Amino acid sequence: TKFLGISQTFEHSEKWTKHLQDIIAWVRKEYPDIYVIGGSKNLYVTFPYDCHYYLTGYGENGIVELLKKLTGQPSNVVIQTVEEHGRMINLVTCDTHHPAYPCKDLTIKYENRDFIQPKEMLGLEFSRGCKFRCKFCSYNVLGVKGDYSRDMTNLTEELKRNYNEWGVTAYSSAD
(Lines give C-alpha, C1' and ligand atoms only; values in the text may rest on other atoms or scores of the structure.)
Protein backbone atom coordinates (compact mmCIF):
# COMPACT_ATOMS: atom_id res chain seq x y z
CA THR A 1 0.00 0.00 0.00
CA LYS A 2 1.44 3.33 -1.08
CA PHE A 3 -1.33 5.73 -0.08
CA LEU A 4 -4.65 6.16 1.68
CA GLY A 5 -7.03 8.34 -0.30
CA ILE A 6 -9.61 10.54 1.40
CA SER A 7 -12.27 12.07 -0.78
CA GLN A 8 -15.57 13.70 -0.05
CA THR A 9 -17.99 16.03 -1.72
CA PHE A 10 -19.86 17.55 1.19
CA GLU A 11 -19.00 18.39 4.78
CA HIS A 12 -19.87 15.71 7.30
CA SER A 13 -21.04 15.77 10.90
CA GLU A 14 -18.57 16.49 13.68
CA LYS A 15 -18.87 12.85 14.79
CA TRP A 16 -17.98 11.51 11.33
CA THR A 17 -15.15 14.03 10.91
CA LYS A 18 -13.67 13.05 14.29
CA HIS A 19 -13.95 9.35 13.41
CA LEU A 20 -12.09 9.86 10.14
CA GLN A 21 -9.48 12.03 11.87
CA ASP A 22 -8.86 9.19 14.34
CA ILE A 23 -8.45 6.67 11.52
CA ILE A 24 -5.98 8.91 9.72
CA ALA A 25 -3.99 9.51 12.91
CA TRP A 26 -3.81 5.74 13.47
CA VAL A 27 -2.65 5.09 9.90
CA ARG A 28 -0.01 7.81 10.13
CA LYS A 29 1.28 6.36 13.42
CA GLU A 30 1.15 2.65 12.53
CA TYR A 31 2.18 2.99 8.88
CA PRO A 32 4.38 6.07 8.55
CA ASP A 33 5.45 5.08 5.01
CA ILE A 34 1.89 5.33 3.68
CA TYR A 35 0.96 8.74 2.29
CA VAL A 36 -2.43 10.20 3.18
CA ILE A 37 -3.85 12.09 0.21
CA GLY A 38 -7.03 14.15 0.39
CA GLY A 39 -8.91 15.16 -2.72
CA SER A 40 -12.05 17.05 -3.60
CA LYS A 41 -13.34 19.75 -5.90
CA ASN A 42 -13.45 21.87 -2.74
CA LEU A 43 -10.27 21.87 -0.64
CA TYR A 44 -12.11 22.85 2.52
CA VAL A 45 -14.10 19.61 2.84
CA THR A 46 -10.86 17.60 3.12
CA PHE A 47 -8.99 20.28 5.04
CA PRO A 48 -9.99 18.98 8.52
CA TYR A 49 -7.96 15.84 7.81
CA ASP A 50 -4.22 15.59 8.40
CA CYS A 51 -3.07 14.68 4.89
CA HIS A 52 0.41 14.68 3.43
CA TYR A 53 -1.01 16.07 0.17
CA TYR A 54 -4.25 17.72 -0.90
CA LEU A 55 -5.61 17.74 -4.44
CA THR A 56 -8.33 20.05 -5.72
CA GLY A 57 -10.27 19.93 -8.96
CA TYR A 58 -10.62 17.06 -11.38
CA GLY A 59 -7.83 14.86 -10.11
CA GLU A 60 -7.34 12.03 -12.62
CA ASN A 61 -4.17 13.48 -14.10
CA GLY A 62 -2.89 15.17 -10.94
CA ILE A 63 -3.12 12.04 -8.78
CA VAL A 64 -1.29 9.96 -11.38
CA GLU A 65 1.55 12.49 -11.53
CA LEU A 66 1.71 12.75 -7.73
CA LEU A 67 1.82 8.97 -7.34
CA LYS A 68 4.59 8.75 -9.93
CA LYS A 69 6.62 11.21 -7.84
CA LEU A 70 5.89 9.41 -4.58
CA THR A 71 7.03 6.09 -6.07
CA GLY A 72 10.25 7.51 -7.55
CA GLN A 73 9.14 7.69 -11.18
CA PRO A 74 9.58 10.66 -13.50
CA SER A 75 6.74 13.10 -12.90
CA ASN A 76 5.66 16.58 -13.86
CA VAL A 77 3.46 17.11 -10.78
CA VAL A 78 3.23 20.70 -9.55
CA ILE A 79 3.09 20.76 -5.75
CA GLN A 80 2.65 24.11 -4.06
CA THR A 81 3.38 24.58 -0.38
CA VAL A 82 0.78 27.08 0.79
CA GLU A 83 -0.50 28.40 4.08
CA GLU A 84 -4.15 27.65 4.76
CA HIS A 85 -5.73 28.66 8.07
CA GLY A 86 -2.37 28.93 9.83
CA ARG A 87 -0.87 25.67 8.65
CA MET A 88 1.35 24.78 5.72
CA ILE A 89 0.01 22.18 3.29
CA ASN A 90 1.20 20.49 0.11
CA LEU A 91 -1.35 21.33 -2.57
CA VAL A 92 -1.81 20.04 -6.11
CA THR A 93 -4.21 22.33 -7.97
CA CYS A 94 -5.28 19.89 -10.66
CA ASP A 95 -7.51 22.13 -12.76
CA THR A 96 -4.68 24.65 -13.12
CA HIS A 97 -1.62 22.41 -13.50
CA HIS A 98 -3.02 19.01 -14.52
CA PRO A 99 -6.37 19.66 -16.23
CA ALA A 100 -8.64 16.69 -16.96
CA TYR A 101 -11.06 18.46 -19.27
CA PRO A 102 -12.33 18.39 -21.88
CA CYS A 103 -12.56 14.62 -21.57
CA LYS A 104 -14.46 12.48 -24.07
CA ASP A 105 -14.10 9.27 -22.05
CA LEU A 106 -15.54 9.70 -18.55
CA THR A 107 -16.03 5.97 -18.01
CA ILE A 108 -15.80 4.52 -14.52
CA LYS A 109 -14.87 0.84 -14.62
CA TYR A 110 -15.84 -0.97 -11.44
CA GLU A 111 -14.19 -4.20 -10.32
CA ASN A 112 -15.37 -7.16 -8.20
CA ARG A 113 -13.53 -5.69 -5.21
CA ASP A 114 -15.82 -2.63 -5.39
CA PHE A 115 -18.74 -4.82 -4.22
CA ILE A 116 -21.28 -3.02 -6.42
CA GLN A 117 -24.83 -4.12 -5.61
CA PRO A 118 -27.81 -4.03 -8.03
CA LYS A 119 -29.74 -1.44 -6.00
CA GLU A 120 -26.83 1.02 -5.80
CA MET A 121 -27.08 4.40 -7.47
CA LEU A 122 -23.83 5.01 -9.31
CA GLY A 123 -22.50 8.37 -10.40
CA LEU A 124 -22.60 9.09 -14.10
CA GLU A 125 -20.83 12.02 -15.70
CA PHE A 126 -21.99 13.49 -19.00
CA SER A 127 -19.63 16.42 -19.48
CA ARG A 128 -17.13 18.72 -17.85
CA GLY A 129 -17.51 22.44 -18.11
CA CYS A 130 -20.31 24.94 -18.45
CA LYS A 131 -20.72 27.60 -21.12
CA PHE A 132 -22.31 30.03 -18.66
CA ARG A 133 -20.70 32.25 -16.00
CA CYS A 134 -23.51 32.66 -13.48
CA LYS A 135 -22.52 34.93 -10.60
CA PHE A 136 -23.80 32.49 -7.94
CA CYS A 137 -21.86 29.51 -9.31
CA SER A 138 -18.62 28.31 -7.71
CA TYR A 139 -17.91 25.69 -10.37
CA ASN A 140 -14.40 26.21 -11.70
CA VAL A 141 -14.77 25.20 -15.36
CA LEU A 142 -16.93 28.06 -16.63
CA GLY A 143 -17.24 29.86 -19.92
CA VAL A 144 -16.12 26.91 -22.02
CA LYS A 145 -16.36 27.11 -25.79
CA GLY A 146 -17.26 24.12 -27.91
CA ASP A 147 -18.39 20.64 -26.96
CA TYR A 148 -17.19 19.37 -23.57
CA SER A 149 -19.61 16.43 -23.46
CA ARG A 150 -18.50 12.81 -23.29
CA ASP A 151 -18.58 10.42 -26.20
CA MET A 152 -21.96 8.65 -26.36
CA THR A 153 -20.34 5.36 -27.41
CA ASN A 154 -18.45 4.98 -24.14
CA LEU A 155 -21.55 6.13 -22.23
CA THR A 156 -23.55 3.32 -23.85
CA GLU A 157 -20.78 0.81 -23.09
CA GLU A 158 -20.62 1.92 -19.44
CA LEU A 159 -24.39 1.60 -18.96
CA LYS A 160 -24.45 -1.87 -20.56
CA ARG A 161 -21.44 -3.08 -18.55
CA ASN A 162 -22.89 -1.83 -15.25
CA TYR A 163 -26.17 -3.61 -15.99
CA ASN A 164 -24.63 -6.84 -17.27
CA GLU A 165 -21.98 -7.13 -14.53
CA TRP A 166 -23.69 -5.59 -11.51
CA GLY A 167 -27.41 -5.33 -12.34
CA VAL A 168 -27.29 -1.55 -11.82
CA THR A 169 -30.10 0.52 -13.34
CA ALA A 170 -30.06 3.68 -11.17
CA TYR A 171 -27.72 6.63 -11.56
CA SER A 172 -27.06 10.04 -10.14
CA SER A 173 -25.78 12.68 -12.52
CA ALA A 174 -22.36 13.87 -11.36
CA ASP A 175 -22.32 16.97 -13.57
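With +1 assigned to the C-beta of every Lys and Arg and -1 to the C-beta of every Asp and Glu, and no other charges, what is the dipole magnitude of the chain about the Cα centre in debye, to the nearest 20?
Taking the Cα centre of the chain as origin, the dipole is about 260 debye.
So, with a 1.4 angstrom probe, what is the percent of accessible area on the chain that is carbon and sulfur?
54 percent
Of all GluC sites (Glu not before Pro) in region 1-54, which ones are in loop regions per DSSP and have a Cβ with at most 14 other Cβ atoms within 10 Å?
When the GluC sites (Glu not before Pro) of region 1-54 are filtered for loop state and at most 14 Cβ neighbours within 10 Å, E11 remain.
Compute, for S13, the solvent-accessible surface of its heavy atoms (probe 1.4 Å) with the complete set of protein chains present, and express it in square angstrom to the nearest 10.
Result for S13: roughly 70 Å² accessible.
Starting from the Cα gyration tensor of region 1-122, take the square roots of the eigenvalues, sort them a ≥ b ≥ c, and report rounded, prolate or oblate (rounded when a/c is under 1.5, otherwise prolate if a/b is larger than b/c, else oblate).
It is rounded, given that a/c, with a ≥ b ≥ c, falls under 1.5.
Listed here are the pairs K109/K145; K2/K69; K104/K145; which of them are more than 23 Å apart at the Cα?
K109/K145
Cross-link partners among lysines for K15, C-alpha distance below 24 Å, same-chain residues fewer than 8 apart left out?
Of all the lysines, those that pass the test against K15 - Cα under 24 Å, at least 8 places apart if same chain - are K29, K41.
Which listed residue (T46, G59, L20) has the Cα farthest towards the positive end of the charge dipole for region 1-152, taking +1 on Lys and Arg C-beta and -1 on Asp and Glu C-beta about the Cα centre?
With unit charges placed on the Cβ atoms, the residue in question is G59.
Counting other Cβ atoms within 10 Å, which chymotrypsin sites (Phe, Trp or Tyr not before Pro) in region 115-174 have at most 10 and lie in a DSSP loop?
Sparse-neighbourhood loop chymotrypsin sites (Phe, Trp or Tyr not before Pro): F115, F132, F136.
Compute, for region 1-76, the length of the dipole vector about the Cα centre, with Cβ point charges of +1 (Lys, Arg) and -1 (Asp, Glu) only. Units Debye, rounded to 20.
Value, rounded to 20: 100 debye.
Length gain on complete extension for the stretch K104 to I116, per 0.36 nm per residue less the alpha carbon to alpha carbon distance?
The K104-I116 span can extend by a further 1.9 nm.
The chain: longest stretch without exposed trypsin sites (Lys or Arg not before Pro) (DSSP loop, at most 11 other Cβ within 10 Å), sites themselves excluded?
The longest such stretch corresponds to 3-108.
So, counting K/R as plus one and D/E as minus one, what does the shell of residues with Cβ under 11 Å around C94 add up to?
My count for the surroundings of C94 gives -2.
Mind checking the per residue accessible area of the chain for me, 1.4 Å probe, whole number of Å²?
For the chain, the solvent-accessible area averages 65 Å² per residue.
Name the cysteines of the chain that stand alone by the Cβ rule: no other cysteine Cβ under 4.7 angstrom.
So far as the 4.7 Å Cβ criterion goes, C51, C94, C103, C130 stand without a partner in the chain.
Could you tell me which GluC sites (Glu not before Pro) in region 88-128 are loop residues by DSSP with no more than 10 other beta carbons within 10 angstrom of their beta carbon?
Passing both the DSSP loop test and the Cβ count: E111.
The values are calculated or read from the model by the stated rules, or taken from the named source; none is laboratory data. Just so we're clear, the structure is a prediction, and the values are computed from it rather than from any experiment. Virtual Cβ from ideal backbone geometry, glycine too; neighbours counted across all protein chains shown. The area values use the complete protein model at the heavy-atom level, side chains included, leaving out ligands, DNA and RNA. Shrake-Rupley method; radii C 1.70, N 1.55, O 1.52, S 1.80 Å.
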